[in-house]
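The values are calculated or read from the model by the stated rules, or taken from the named source; none is laboratory data. As the structure is a prediction and not an experimental result, all values here were calculated from the model. Because the Cβ atoms are built from the backbone with ideal geometry, glycine has one as well, and the counts that use them run over all protein chains shown.
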Amino acid sequence: MADEAGLLARWKLVLAASRDARLSRGDVAVLAAILDRMNDAGVAWPGLGTVATDAGIARRTAVRSVTRLVDLGYLQRASGDRTTSNRYRMGTPRDEPVPRDGLAPRDEPVTGVGTNLSLGVGTNSSPEPTHMNLPNEPEKPRAKRARTSLTFHEWCKTFPDDAELIDQNHAVFRFAERAKIPPEFMDLAWEAFHRLYGKGGLRERKRYTDWPRVVQNAIEGDWLRLWRFDQISQQYVLTTAGLQLQQALRAIATQKAA
């Protein structure tokens with residue numbers, strides 16, 4: 001068992017996170033889930049699926065939360081590879097936590113999980129080199145890279161297991177932010193898209209060169225029919241298809257937790 005000092009330190013870190021307006025409830029749940037699995041040496045290596053189950057959120061949301069916690073200093077992360085999970089240690093918030101008092105609460109930020117997706121990837125402080133042509137030097141034409149058409153399953157396999165497949169700065173997230181689509185509905189849409197185009201799905205043989213664009217088209221065009229806008233409440237509500245998928249995912253999460 002972990003010593004009392006270690007338990008107290010973890011409790012204080014979770015308490016600080018719960019009071020930080022930059023973090024959502026899901027972020028705090030993810031932090032608590034990871035800290036709860038730390039050994040006596042202060043190291044934890046749960047897979048992202050395990051973290052999502054422990055925190056009671058979707059895996060995609062867990063990915064964003066982990067990246068945000070790392071970006072803000074609450075966690076230290078040593079990235080694993082295809083065969084090993086990330087390793088985590090307790091961190092120290094880099095900046096003074098922003099108190100929640102007087103600030104409007106937010107459920108999930110659209111940018112920032114590294115969020116990546118990251119959904120909070122740090123910026124490079126070094127300016128990018130600028131190419132300057134010498135006088136009378138003709139500019140060389142840029143070679144076009146051939147883009148390979150892949151199935152959705154093949155495309156997903158080109159990323160590490162813990163990677164965010166669509167960057168948080170992608171247009172699909174900007175659209176969702178402008179349209180005020182709830183983040184949890186976006187998570188449902190991702191699950192539905194994966195079931196439709198992934199291995200065993202009805203459209204698993206479809207091949208595209210730009211899968212993020214296909215996801216964007218699906219969200220903007222409402223292909224999945226998971227939600228509708230209620231004129232009375234002026235909010236999005238789940239359709240029958242959306243409710244069915246939500247219940248199925250909750251049942252799966254309950255079975256895994258048992």
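A compact table of results
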| read-out | value |
| --- | --- |
| Output for region 144-184, where each listed residue is in contact with a strand residue (DSSP E or B) (Cβ under 7 Å, 6 or more places away or on another chain) and either part of a strand (DSSP E or B) or modelled with pLDDT under 85 (or both) | 150, 151 |
| Filtered residues of region 225-243 (kept if loosely packed, with under 12 Cβ neighbours inside 10 Å and out of contact with any strand residue (DSSP E or B) (no Cβ under 8 Å at 6 or more places or on another chain)) | 225, 231, 232, 233, 234, 240 |
| Members of region 208-236 that are over 14 Å from residue 187 (Cα atoms) and hydrophobic (A, V, I, L, M, F, W, C) | 211, 214, 223, 229, 232 |
| Filtered residues of region 212-237 (kept if more than 27 Å from residue 153 (Cβ to Cβ) and among the hydrophobic types (A, V, I, L, M, F, W, C)) | 229, 232, 237 |
| Residue selected from region 205-224 under the condition surrounded by 14 or more Cβ atoms within 10 Å (Cβ to Cβ) and either among the β-branched types (Val, Ile, Thr) or in contact with a Gly (Cβ under 9 Å, 6 or more places away or on another chain) (or both), by the criterion nearest to residue 60 (Cα to Cα) | 215 |
